[in-house]
Amino acid sequence: SSGINAEYGDPTSGLVQLADEVGMKNRFSALSLGQGQAPLATKLIKEGVKEGNWVYLANCHLSLSWMPHLDKLVEQLQSEEPHPDFRLWLSSNPTKGFPISILQAGLKM
């Protein structure tokens with residue numbers, strides 16, 4: 001998993017531009033987390049792992065109750081063999097409820 005540390009704004013446009021530049025625009029999904037979005041986020045991650053898609057989950061701080069589930073998904077990625085093109089991008093406002101283990105498993109950008 002990867003993250004872009006965007007202290008000065010929303011990283012979405014930068015990710016869309018990057019996906020376009022590396023030929024992943026048609027395999028890039030962005031989802032703003034919040035009420036009711038967890039099942040779709042889980043589906044996007046599972047599809048991404050198999051198909052080599054990029055998945056961007058924005059506003060993780062709005063779905064703190066789902067973070068333990070995301071933590072388990074990220075942990076599973078380390079034992080599975082995800083498609084080599086798969087990337088999971090996360091953004092969050094600073095919050096104490098964000099699992100440290102997710103941060104440790106990823107790259108901070």
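Placing +1 on the Cβ of every Lys and Arg and -1 on the Cβ of every Asp and Glu, with nothing else charged, gives the chain a dipole about its Cα centre of roughly 200 debye.
Nonpolar atom fraction for the chain, defined as the carbon and sulfur part of the 1.4 Å probe accessible area, stands at 51 percent.
Counting every alpha-carbon pair across region 21-81, the share separated by more than 17 Å comes to 39%.
Per residue, how much accessible surface does the chain expose to a 1.4 Å probe? Answer in Å², no decimals. Walk me through the numbers on the way to the answer.
Numbers: 6670 Å² over 109 residues.
That works out to 61 Å² per residue.
For the pair region 56-81 / region 84-109, the C-alpha centres are spaced 8 Å from each other.
Answer with one residue from PRO68, SER13, HIS83: the one whose Cα lies farthest towards the positive end of the charge dipole of the chain, charges on Cβ with Lys, Arg +1 and Asp, Glu -1. Farthest towards the positive pole: PRO68.
Here ASP20 sits with roughly 90 square angstrom of accessible surface, probe radius 1.4 Å.
So what is the relative contact order for the chain, in percent, with contacts set as C-alpha pairs under 8 Å and at least six apart?
Details: 155 pairs, mean separation 41.8, N = 109.
Value for the chain: 38 percent.
Between the labelled values [x] 0.98; [y] 1.51; [z] 1.31, the entry that holds Cα Rg over 2.2 N^0.38 Å as derived from this structure is [x].
Which value at 222 nm does the chain reach when only helices count, each DSSP H run of 4 or more adding -39,500 (n - 2.57), with the total divided by all residues and rounded to the nearest 500 deg cm²/dmol? Don't skip to the end; give the middle numbers.
On the way: 4 runs with 43 residues, N = 109.
Using -39500 (n - 2.57) per qualifying helix, the result is -12000 deg cm²/dmol.
The values are calculated or read from the model by the stated rules, or taken from the named source; none is laboratory data. Small disclaimer: the values here were computed from a predicted structure and weren't measured. Here the Cβ is made from the backbone with ideal geometry for all residues, glycine too, and neighbour counts use every protein chain on show. Calculation scope for accessible area: heavy atoms of the full protein, side chains included, ligands and nucleic acids excluded. Shrake-Rupley method; radii C 1.70, N 1.55, O 1.52, S 1.80 Å.
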